[in-house]
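*Asks:* Have a look at this one before I ask anything.
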Amino acid sequence: MKLALAIGARSEGAVHSHVRRALAEGVDPEAIRQVALPAIPTLGLPQAVAATTWIEDLVSGTRQELPDTGEP
C-alpha cells in the first residue's frame, strides 16, 4: 500500500525505500512490479513507466543503494 502511495506522490526515494523493505520481507519481485500497473490510468503512462523504472532499479539489482535506515 505504501509503495502505491509513493508512486502516486511521484517520490523516487520513497519508492526505492518501500521496494527495499518489500524485498527484505520476502515479497516476490513480480508482485512488487505489479504495483506500478494501476498507475497507468490514474497518473498516465509516463509516470507509470518512471515508477516501473524506479522499481526495476532495485528488483533487478542495477542500482546500489545505501542501507535503509527506516527514515522517510
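The values are calculated or read from the model by the stated rules, or taken from the named source; none is laboratory data. Keep in mind the model is a prediction, meaning the values are calculated, not measured. Methodologically, a virtual Cβ is constructed for each residue, glycine included, from the backbone with ideal geometry; neighbour enumeration extends over all protein chains shown.
*Asks:* I'm checking my understanding of the structure. Among residues of the range 28-38 that are under 12 Å from the mean Cα position of the chain (by Cα) and part of a loop (DSSP other than H, G, I, E, B), which one is surrounded by the fewest Cβ atoms within 10 Å (Cβ to Cβ)?
*Replies:* LEU37
*Asks:* Next question, about the same structure. Being at pLDDT 90 or above, part of a helix (DSSP H, G or I) and of a type outside the set (Val, Ile, Thr) is the filter here; which residues of the range 6-17 pass it?
*Replies:* ALA6, GLU12, GLY13, ALA14, HIS16, SER17
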